[in-house]
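Following: one structure in structure tokens, then a few remarks.
The values are calculated or read from the model by the stated rules, or taken from the named source; none is laboratory data. All figures in this text were calculated on a predicted structure; none of them were measured in a lab. Here the Cβ positions follow ideal geometry from the backbone for every residue, glycine too, while neighbour counts run over all protein chains shown.
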Amino acid sequence: MPLAQIACVCMLLSGAPADRVQVQPASLHDAPAGAVLAMRQHAHSGVLSLTLSSGVVVHFREMGGEARVRATLSGPAVEALTPAMRRAVGDALAHPAPGRVVPEALGKAVERDEIRLRARAGSGVITIRIDAPDAAPALDLLGVLLADAQADPERLEQFKDESAQRHDKYATSSEWALQRVARRVLAGEEREGDRSDLDALTLDGLQGALERTVRGAAVEVGLCAPLSRAQVVDLCERTLAALEPRPEVSPLQPDAGAIVPIEVDEQVEGIEHPAVFVAYALNTSLTSPQARALRVAGDLLEARLERTLASGRVAARFEGYAGPGRNAIFYAAVIDGPPDAPTVLDEALSRLADEEGDGDEVARLGAERSERLRKSLEDSGFWAAILADRDRLRIDLDELLVGPHVYRTMTPQRVQDAVRRAATDGARIRIRVYPPE
């Protein structure tokens, strides 16, 4: 480990303050359009955060190589969209109408894949991803999309065809059925995957939703590029700060009160095998020591289930959770498993909470996690994605930086304690889908 990284970890572990610097070059109330209202810098990571007069927040980290830009669109303007429309808006942002709004030079660079543009819909958010040789054209393109994106009628028809084919392809998939039911139950997305939503999409409807989204959504941006502070300020003032004002980024506010356990058994036409999902929804920072321990617990649980079950596919994870009541979820799922899969899964979860795991296995899994995170922390795409959700998800950069150390020193007791806390403090969720008998 480089000496600078060792020193940084020692400072963080000692509880030394991050020494965030607050700079306000313009008044929060009287700043002209196209201004940077406030800047703050995180000492240990070097991340510079800018609040722009448009309401857009940009988090910048100086890193070599190509420019990486990630933007998260969130808030009521996105949440109000139906699942099908949200996906259509994401697809329209990834495939803007040629020659309408995007300048010719940028459009040709996208066509030649010199600037790589991607966008997708998630649960309550839409993310935009732009990779380019330089930051200037990447931010220019993002600014154009957020100012006046135009839907392409040919691409809309292609999107509808592709979505319909995907719907038909996965109509018999128990995994897809489980995902649809889980999204409906946990996120309130009533008609996820319904063909009627796709058939109802029109160009006028999409264009209206696209305009409401790009102008009305809160926008948080992660930017990684080899730029100076002055260059970042200049680029942001010229592009994203010049946009029309929009809502500020609001951190997710999970309900601190108790929520009742959820248990759903649903028969689904068309599938051939059952699938089961068991989880604990909880409140914890996504970079906290408990989150790290639960990720290792997921690895441990997945390995045990694979050794125990005679058939089926398994997954066990700790992830962010956008549903009501909590901000994170620790879950395990068995797809196309044997009839006793629900019982085996329940027993395996109970065992995680009741018994300490094997020390050597936990140490190995922790070391693997540590190495993966260490490599990710050297990747500009990883940083850009993290920073694009920094304020919305309350990501603690100090916790992020010490993550490799936390994983490397993981113990069975910490894993067991984390699972016990999740089972005690979290809300239990159990969803099973099964074919007609």
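Among the candidates LEU373, LEU352, LEU377, the residue that is touching a residue at least 60 places away in the same chain (Cβ under 8 Å), of a type outside the set (Asp, Glu) and assigned by TED's automatic domain parsing to the domain that holds THR308 is uniquely LEU352.
Restricting attention to region 45-93, which residues are part of a loop (DSSP other than H, G, I, E, B) and of a type in the set (Val, Ile, Thr)? Give the derivation first.
Residues of region 45-93 that are part of a loop (DSSP other than H, G, I, E, B), as a first pass: 45-47, 53-56, 63-66, 75, 80-82.
Of everything in region 45-93, those that are part of a loop (DSSP other than H, G, I, E, B) and of a type in the set (Val, Ile, Thr) turn out to be VAL47, VAL56, THR82.
Residue by residue, here is whether (1) at pLDDT 95 or above; (2) surrounded by 13 or more Cβ atoms within 10 Å (Cβ to Cβ); (3) over 18 Å from GLY222 (Cβ atoms); (4) assigned by TED's automatic domain parsing to the domain that holds SER228 holds:
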{"residue": "GLN5", "(1), (2), (3), (4)": "no, yes, yes, no"}
{"residue": "LEU48", "(1), (2), (3), (4)": "yes, yes, no, yes"}
{"residue": "GLU66", "(1), (2), (3), (4)": "yes, yes, no, yes"}
{"residue": "GLU79", "(1), (2), (3), (4)": "no, yes, yes, yes"}
{"residue": "ALA88", "(1), (2), (3), (4)": "yes, yes, yes, yes"}
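Only one residue in ASP152, ASP140, ASP148, ASP134 is touching a residue at least 12 places away in the same chain (Cβ under 8 Å), touching a His at 6+ places or on another chain (Cβ under 8 Å) and of a type in the set (Asp, Glu), so which one is that?
ASP152
Mind listing whichever residues of region 359-374 are of a type outside the set (D, E, K, R) and either under 20 Å from GLU399 (Cβ atoms) or surrounded by 16 or more Cβ atoms within 10 Å (Cβ to Cβ) (or both)? Break it down into steps so the answer makes sense when it comes.
Taking region 359-374 first, the residues of a type outside the set (D, E, K, R) are 359, 362-363, 365-367, 370, 373.
If the condition is that a residue be of a type outside the set (D, E, K, R) and either under 20 Å from GLU399 (Cβ atoms) or surrounded by 16 or more Cβ atoms within 10 Å (Cβ to Cβ) (or both), then VAL362, ALA363, LEU365, GLY366, ALA367, SER370, LEU373 are the ones that fit.
The requirement of being more than 25 Å from PRO96 (Cβ to Cβ) and within 17 Å of the chain's Cα centre (by Cα) is fulfilled nowhere in region 296-313; no residue meets it. Kindly indicate whether ASP131 is of a type outside the set (A, V, I, L, M, F, W, C), in contact with a strand residue (DSSP E or B) (Cβ under 9 Å, 6 or more places away or on another chain) and buried (at least 20 other Cβ atoms within 10 Å of the Cβ). Answer is yes for this residue.
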